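Visitor: I'd like to ask some things about the structure below.
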Amino acid sequence: MARRRIIAGNWKMNMTPSQAVELVNTLKDLVVNPDVDVVYCVPAIDIVPVAEAIKGTNVQLGAENFYIEDKGAFTGEISAPMLKECGVKYIIIGHSERRDIFGENDILINQKVKKAFASGLTPILCCGESLALRKAGTYTEWIKRQITWDLTGVTADQVKELVIAYEPIWAIGTGETATADQAEEVCKMIRETIAELYDAATAEAVRIQYGGSMNAGNAAELLAKDNIDGGLIGGAALKPDFGQIVNA
Ligand code: 13P
């Protein structure tokens, strides 16, 4: 079964609302590809203007963060119903920056995955190892454990819709990309983990992205690998290069 490619931009904390609309317009003709799901995961304040700017295009909308309650006294947070009403379809969960800078642990990440599915949002669940774990050679077990915890109580039917992003922390924003073989090794291992936790059909269906300094120059080689179904792109998503990645 062929999995549909998914190329998502993670804009992180970049782009004011007016810059966001300008970027959408710059990329509009460059990101057209009927065989690829193209997603912009944008800062909360850009969601409404970007939703308007992508109308009539092939681009789908994603958010970078949310909280697990629908409403209430949670200063500074936004909820799944708020995102849904604005047209958000995808939600990044468990990014290493949320884990490391904002202290999100696997218990919360698991709650977020379940809440996203219950709310009709598709999680882009991130996992990945630090440089220390890569050097120690224990990265496989680490990522396996992340996936196992983060998907506790998630059904096979939900996992078939899930997107998993493998993002080695040492490759994020550093210009140092994992080689295509290194990325494929882990993405394959993630798929095998899903097969162990669920079944072969679920493992076959789940889409797995690579993220970490993916750019116009290295995208084609990474995306050619059997178990890499797309990319989660930071820096290069803010430039016309993103169009080359979508069409790599
Ligand atoms: P860079 O593409 O800037 O390395 O960021 C990757 C990333 O963290 C995407 O979520």
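Visitor: Quote the relative contact order of the chain in percent (integer), defining contacts as alpha-carbon pairs under 8 Å separated by 6+ residues. Kindly include the intermediate steps, with their values, before the conclusion.
Guide: Details: 488 pairs, mean separation 54.0, N = 248.
Relative contact order for the chain comes out at 22 percent.
Visitor: Using the charge dipole of the chain (Lys, Arg: +1 at Cβ; Asp, Glu: -1 at Cβ; taken about the Cα centre), state which of S119, C41, T148 has its Cα farthest towards the positive end.
Guide: S119
Visitor: Tally up the carbon and sulfur contribution to the accessible surface of the chain as a whole percent, 1.4 Å probe, everything protein left in place. Mind showing how you got there, number by number?
Guide: On the way: 5890 of 10920 Å².
C and S fraction of accessible area: 54 percent.
Visitor: Skip the ligands, DNA and RNA, and give the accessible area per residue of the chain with a 1.4 Å probe, whole Å².
Guide: Details: 10920 Å² over 248 residues.
Ligands and nucleic acids excluded, the figure is 44 Å² per residue.
Visitor: Under the rule a/c < 1.5 gives rounded, and otherwise a/b versus b/c splits prolate from oblate, where does segment 94-248 land using the Cα gyration tensor?
Guide: Working: a/c = 1.42, a/b = 1.33, b/c = 1.07.
Rounded shape, in that the Cα axes give a/c under 1.5.
Visitor: Excluding residues fewer than 8 places away in the same chain, name every one of the aspartates and glutamates whose C-alpha is closer than 14 Å to that of K112.
Guide: Hits, sequence-local ones excluded: E64, E69, D70, E77, E104, D150.
Visitor: Using DSSP loop states and a limit of at most 12 other Cβ atoms within 10 Å to flag chymotrypsin sites (Phe, Trp or Tyr not before Pro), what is the longest stretch of the chain containing no flagged site? If you can, show how the numbers build up before the last one.
Guide: Details: sites that count: F74, F102.
In short, 103-248.
Visitor: Also, quick follow-up: How much length is gained on full extension from T16 to D35, taking 0.36 nm per residue of separation minus their Cα-Cα distance?
Guide: Working: separation 19, 0.36 × 19 = 6.84 nm, distance 3.00 nm.
Value of the extension gain: 3.8 nm.
Visitor: Taking +1 at the Cβ of each Lys and Arg and -1 at the Cβ of each Asp and Glu, which of G87, T179, G62 sits farthest along the dipole of the chain towards its positive end, judged by Cα position relative to the Cα centre?
Guide: Selected residue: G87.
Visitor: Just to check I understand the Karplus step: with θ = phi - 60° and J = 6.51 cos²θ - 1.76 cosθ + 1.60, what whole-Hz values come out for segment 141-156, glycine and proline as x?
Guide: Those phi angles translate into 4, 4, 5, 4, 5, 4, 4, 5, 5, 5, 9, 4, x, 8, 7, 4 Hz.
Visitor: Could you sort out which of K114/K160; K71/K115; K55/K239; K160/K188 sit more than 18 Å apart by Cα distance in this structure?
Guide: Details: K114/K160 14 Å; K71/K115 13 Å; K55/K239 20 Å; K160/K188 16 Å.
Violating the 18 Å limit, Cα to Cα: K55/K239.
Visitor: I've got another one for you. Compute, for the chain, the length of the dipole vector about the Cα centre, with Cβ point charges of +1 (Lys, Arg) and -1 (Asp, Glu) only. Units Debye, rounded to 20.
Guide: Details: 24 positive and 33 negative charges, 47 e Å.
The calculation lands at about 220 debye.
Visitor: Of the candidates C127, C187, C86, which one comes out as most mobile in a Gaussian network treatment of the chain with C-alpha springs shorter than 10 Å?
Guide: Sorting by GNM fluctuation, first place goes to C86.
Visitor: For the chain, what does the helix formula give at 222 nm: sum of -39500 (n - 2.57) over DSSP H segments with n ≥ 4, over the residue count, nearest 500 deg cm²/dmol? Numbers along the way, then the final one.
Guide: Values: 12 runs with 103 residues, N = 248.
For the chain, the value works out to -11500 deg cm²/dmol.
Visitor: Out of every Cα pair in segment 81-171, what percent are spaced more than 20 Å from each other? Spell out each step's value before the answer.
Guide: Working: 1445 of 4095 pairs.
Pairs farther apart than 20 Å: 35 percent.
Visitor: How about K28: which aspartates and glutamates have a C-alpha closer than 17 Å to its C-alpha, ignoring those fewer than 8 places off in the same chain?
Guide: D37, D46, E52, D241
Visitor: Using only the Cα atoms of segment 1-139, build the gyration tensor, take square roots of its eigenvalues as a ≥ b ≥ c, and label the shape rounded, prolate or oblate: rounded if a/c is under 1.5, else prolate if a/b is larger than b/c, else oblate.
Guide: Working: a/c = 1.65, a/b = 1.24, b/c = 1.33.
Because a/c hits 1.5 or more and a/b fails to exceed b/c, segment 1-139 counts as oblate.
Visitor: With just the Cα atoms defining each centre, how far is segment 182-210 from segment 15-86? Give it in Å.
Guide: 27
Visitor: Under the definition of Cα pairs under 8 Å and six or more residues apart, what whole-number percent is the relative contact order of segment 79-144?
Guide: Values: 60 pairs, mean separation 25.0, N = 66.
Once normalised by length, the contact order is 38 percent.
Visitor: Does segment 181-245 come out rounded, prolate or oblate, given a ≥ b ≥ c as the square roots of the eigenvalues of its C-alpha gyration tensor, rounded meaning a/c under 1.5 and, failing that, prolate meaning a/b above b/c? Provide the component values of the computation, followed by the final result.
Guide: Values: a/c = 2.86, a/b = 2.41, b/c = 1.19.
Taking the square roots of the gyration eigenvalues as a ≥ b ≥ c, segment 181-245 is prolate.
Visitor: Continuing with this model, one more query. Which value, in debye to the nearest 20, describes the size of the charge dipole of segment 183-248 about its Cα centre when Lys and Arg Cβ atoms bear +1, Asp and Glu Cβ atoms bear -1, and nothing else is charged? Mind dumping the intermediate values first?
Guide: Working: 5 positive and 10 negative charges, 62 e Å.
The calculation lands at about 300 debye.
Visitor: If I build a Gaussian network model for the chain, linking alpha-carbon pairs within less than 10 angstrom, which residue out of I54, I147, I107 has the largest mean-square fluctuation?
Guide: Per the Cα network of the chain with a 10 Å cutoff, I107 tops the list.
The values are calculated or read from the model by the stated rules, or taken from the named source; none is laboratory data. Predicted model only: the values in this text are computed from it and were never measured. Neighbour counts are summed over all protein chains in view; Cβ atoms, including those assigned to glycine, are modelled from backbone coordinates with ideal geometry. Note: areas computed on protein heavy atoms with side chains; ligands, DNA, RNA excluded. Shrake-Rupley method; radii C 1.70, N 1.55, O 1.52, S 1.80 Å.
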